Amino acid sequence: MPTKSREKRLPPLRELQRRFAAGLFEPQDVPRQGLILAAGIEPALRVGIYTNNWRQGVREALALIYPVAERLVGTEYFASLADDYRSLHHSTRGDLHYVGAAFPAFLRTQFANGPYAYLADVAALEWAIEDARRAALVEALSPDALRDTPPEQYAQLHFKLHPAARLSHSPFPIRRIWLANQPKHEAVETVRLDAGGDWLLIRVMPDEIALAALDEAGYAFAAALGQGSALGEAADLALAIDAAFDLGATLRQLFVLGALR
Amino acid sequence: MNDSVQPGPPGTLPVKRLVDGLPACAGIGLRAQHHAAVVAERPAVGWLEAHSENYFGRGSQSLHWLLQAREHYPVALHGVGLSLGSTDPLDTEHLREWRRLIVRVQPAVISEHLSWSSIDGRFSNDLLPLPYTREALAHLVDRVDQVQELLGRRILIENLSSYLQFDQSDMPEWVFLAELSRASGCGILLDVNNIYVNAHNHGFDADAYLAALPREAVGEIHLAGHSVRELGGQTVLIDTHSTHVCADVWQLYAQAIARFGAQPTLLEWDADIPALEVLVAEAQRADQVAGEALAAAA
């Protein structure tokens with residue numbers, strides 16, 4: 001026998017959580033009645049404490065991941081960017097790390113082609129650092145690993161980038177901008193935005209962050225290794241960019257940085 | 001961990017008793033600013049607490065420091081992002097990350113909050129209060145069961161500061177917490193500052209809260225500083241973890257120690273974090289207050 005379709009009632013706890021969250025995320029939707037005890041203070045003011053915590057929490061999470069971007073635009077403006085970002089990008093994880101993931105892309109949309117276009121690239125560098133901070137605790141590959149391979153077989157070797165190594169590039173001098181805005185860097189430095197771009201290899205270690213400047217060919221070489229190309233293929237790619245590409249020197253640089261695995 | 005299930009009174013869920021532990025003295029939070037200093041200076045505190053989520057991922061940088069610190073101190077892993085009380089499905093990826101960390105760090109204690117922070121997949125990344133109803137209690141018992149099952153050990157659940165109460169609630173927070181512990185076997189992480197804050201914000205007697213909790217369930221205490229705000233013409237206390245523990249909270253802590261005995265006690269300081277010496281001095285004060293409370297009780 002067909003049953004009458006009836007609207008299914010949500011369990012009270014789920015309904016309460018939905019109604020409360022509606023008011024928290026969209027303050028004009030705070031329920032007036034039947035949810036929160038007033039007890040001398042308007043429910044909307046009470047929910048406002050949680051809305052404020054949420055706003056402040058996202059600001060702080062972003063400031064922790066993007067201290068250079070914050071320093072570049074100032075605390076107040078950074079907070080307003082964080083607020084705009086928060087309304088566009090909902091947090092979908094309990095781990096605050098993920099709250100910041102889309103911030104570089106957000107800045108790219110906000111400041112495309114304008115005078116602040118470099119800001120998205122600085123943020124992308126900071127995200128690469130944050131992401132590498134969470135990578136595995138493993139030893140880097142030592143150059144001794146090559147000892148048993150005859151040189152004529154080098155071209156077929158496959159390397160991986162170390163899990164705590166990242167690549168980041170920009171038409172702007174993001175390395176100098178980043179270095180000039182570190183807490184330990186006391187001198188006020190003027191960085192010219194048209195001073196030329198950067199091809200960077202980032203390696204995060206427990207007590208240090210290394211930002212190594214590669215050239216375009218070296219960067220393409222490291223990126224190709226990271227994507228699984230054999231040494232020979234990666235070198236060919238680099239040579240196609242710059243006929244003067246020095247394979248030995250670049251490989252040594254990657255070993256010294258602990259960038260290979 | 002010892003795990004035994006004893007039958008409860010007729011018509012109730014069985015009472016579970018699970019045991020684990022930290023040294024019954026004061027500890028401090030391991031925070032990124034002090035990672036290197038804690039490892040190098042090894043301050044005279046009994047144990048360290050780390051926020052689990054800060055060490056998620058495979059964790060090269062922060063986990064390196066936590067594992068170094070772990071060589072010298074017992075560690076508690078305190079979760080802040082599980083959204084335990086949410087009616088969304090439990091985040092199994094989050095739990096997997098936590099379990100991986102637990103295997104690496106071998107903490108003496110793990111804990112989470114009596115709260116929720118997400119609905120329909122959207123997070124406020126804050127600790128939101130629950131209504132204290134039979135339905136919510138059954139939900140929490142089920143969720144704590146799932147977490148303890150998945151992690152293979154007992155968890156402590158912490159009472160939180162709140163700035164509102166729900167119309168639906170039909171039991172006091174302390175009854176809810178005591179029942180949750182009794183029915184799920186979870187321990188209680190008693191945040192004495194949060195009791196003080198809520199007693200002020202919601203007008204109840206903090207002594208009644210302490211008196212209602214089963215002695216054997218409390219496995220750790222948290223102490224912190226709070227801020228005072230004016231809201232709608234009234235004073236509201238906000239749990240900010242940004243300052244020293246106030247005199248009234250020290251007094252309530254002494255009462256808690258008199259009732260529950262010496263407890264692992266964490267000095268929480270998460271905003272405007274001061275120099276390491278300040279945190280250590282605050283922890284030493286907790287040991288002193290606890291010592292005096294025990295002497296007075298004896």
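Scanning segment B:62-93 for residues that are surrounded by 17 or more Cβ atoms within 10 Å (Cβ to Cβ) and either free of Cβ contacts under 8 Å to residues at least 24 places away in the same chain or hydroxyl-bearing (Ser, Thr, Tyr) (or both) turns up B:SER62, B:HIS64, B:TYR73, B:SER83, B:SER86, B:THR87, B:ASP91.
Quickly run through segment A:8-22 and pick out the residues that are in a helix (DSSP H, G or I) and of a type in the set (Lys, Arg). Result: A:ARG14, A:ARG18, A:ARG19.
Anything in segment B:51-85 that is closer than 19 Å to A:GLY57 by Cβ, part of a strand (DSSP E or B) and in contact with a helix residue (DSSP H, G or I) (Cβ under 9 Å, 6 or more places away or on another chain)? List them, or say none. Result: B:HIS78, single match. Of everything in segment A:34-72, what is assigned to a helix (DSSP H, G or I) and among the charged types (D, E, K, R)? Give them in sequence order. A:ARG46, A:ARG55, A:ARG59, A:GLU60, A:GLU70, A:ARG71, listed by residue number. Within segment B:127-155, the set of residues being of a type in the set (A, V, I, L, M, F, W, C) and either more than 29 Å from A:THR51 (Cβ to Cβ) or assigned to a helix (DSSP H, G or I) (or both) comprises B:ALA136, B:LEU137, B:ALA138, B:LEU140, B:VAL141, B:VAL144, B:VAL147, B:LEU150, B:LEU151, B:ILE155. Against the list (1) farther than 18 Å from A:HIS169 by Cα; (2) within 22 Å of the chain's Cα centre (by Cα), the condition A:VAL256 fails is (2). Among the criteria (1) more than 17 Å from A:ILE49 (Cβ to Cβ); (2) more than 17 Å from the chain's Cα centre (by Cα); (3) surrounded by fewer than 17 Cβ atoms within 10 Å (Cβ to Cβ), the one B:ARG215 does not fulfil is (2).
Which condition number does B:ASP88 fail, the rest of (1) closer than 27 Å to A:GLY258 by Cα; (2) over 18 Å from the mean Cα position of the chain (by Cα); (3) within 12 Å of chain A (Cβ to nearest Cβ) being met? Unmet condition: (1).
Tallying residues that are within 16 Å of B:ASP88 (Cα to Cα) and within 14 Å of another protein chain (Cβ to nearest Cβ) within segment B:132-176 yields 10. Tell me, please, whether a residue that is in contact with a Leu (Cβ under 7 Å, 6 or more places away or on another chain) and small (Gly, Ala, Ser) can be found in segment A:186-194. No, segment A:186-194 has no match at all.
B:ILE119 passes every criterion in (1) more than 10 Å from chain A (Cβ to nearest Cβ); (2) in contact with a helix residue (DSSP H, G or I) (Cβ under 9 Å, 6 or more places away or on another chain) apart from (1). Residue pairs whose Cβ atoms lie under 8 Å apart, sitting 6 or more positions apart in sequence or on different chains, and linking a residue in segment A:54-80 that is within 12 Å of chain B (Cβ to nearest Cβ) to a partner that is hydroxyl-bearing (Ser, Thr, Tyr) and crowded, with 17+ Cβ neighbours inside 10 Å, are A:TRP54/B:SER124; A:GLY57/B:SER124; A:VAL58/A:TYR85; A:VAL58/A:SER91; A:LEU62/A:TYR85. State all residues of segment A:41-66 that are under 17 Å from A:ALA105 (Cα atoms) and surrounded by fewer than 19 Cβ atoms within 10 Å (Cβ to Cβ); if no residue qualifies, say none. Of everything in segment A:41-66, just one residue is under 17 Å from A:ALA105 (Cα atoms) and surrounded by fewer than 19 Cβ atoms within 10 Å (Cβ to Cβ), namely A:ALA63. Among the residues in segment B:175-185, are any surrounded by 19 or more Cβ atoms within 10 Å (Cβ to Cβ), at negative phi and within 14 Å of the chain's Cα centre (by Cα)? Scanning segment B:175-185 turns up at least one residue that is surrounded by 19 or more Cβ atoms within 10 Å (Cβ to Cβ), at negative phi and within 14 Å of the chain's Cα centre (by Cα). What do you reckon, is B:GLY57 among the small types (Gly, Ala, Ser) and over 18 Å from the mean Cα position of the chain (by Cα)? So B:GLY57 fits the description; yes. Of the strands (runs of 3 or more DSSP E) that lie entirely inside segment B:190-292, those containing 1 or more residues that are over 26 Å from B:ARG42 (Cβ atoms) and away from every other protein chain (no Cβ under 14 Å) span B:218-224. Among residues of segment B:103-126 being of a type in the set (A, V, I, L, M) and in a helix (DSSP H, G or I), the one that is surrounded by the fewest Cβ atoms within 10 Å (Cβ to Cβ) is B:VAL103.
The condition of being at pLDDT 95 or above and part of a strand (DSSP E or B) does not hold for B:LEU177.
The values are calculated or read from the model by the stated rules, or taken from the named source; none is laboratory data. Note that the structure is a prediction, hence the values are computed from the model and not measured. Quick reminder, even Gly has a Cβ in these numbers, built from the backbone with ideal geometry, and neighbours come from all protein chains shown.
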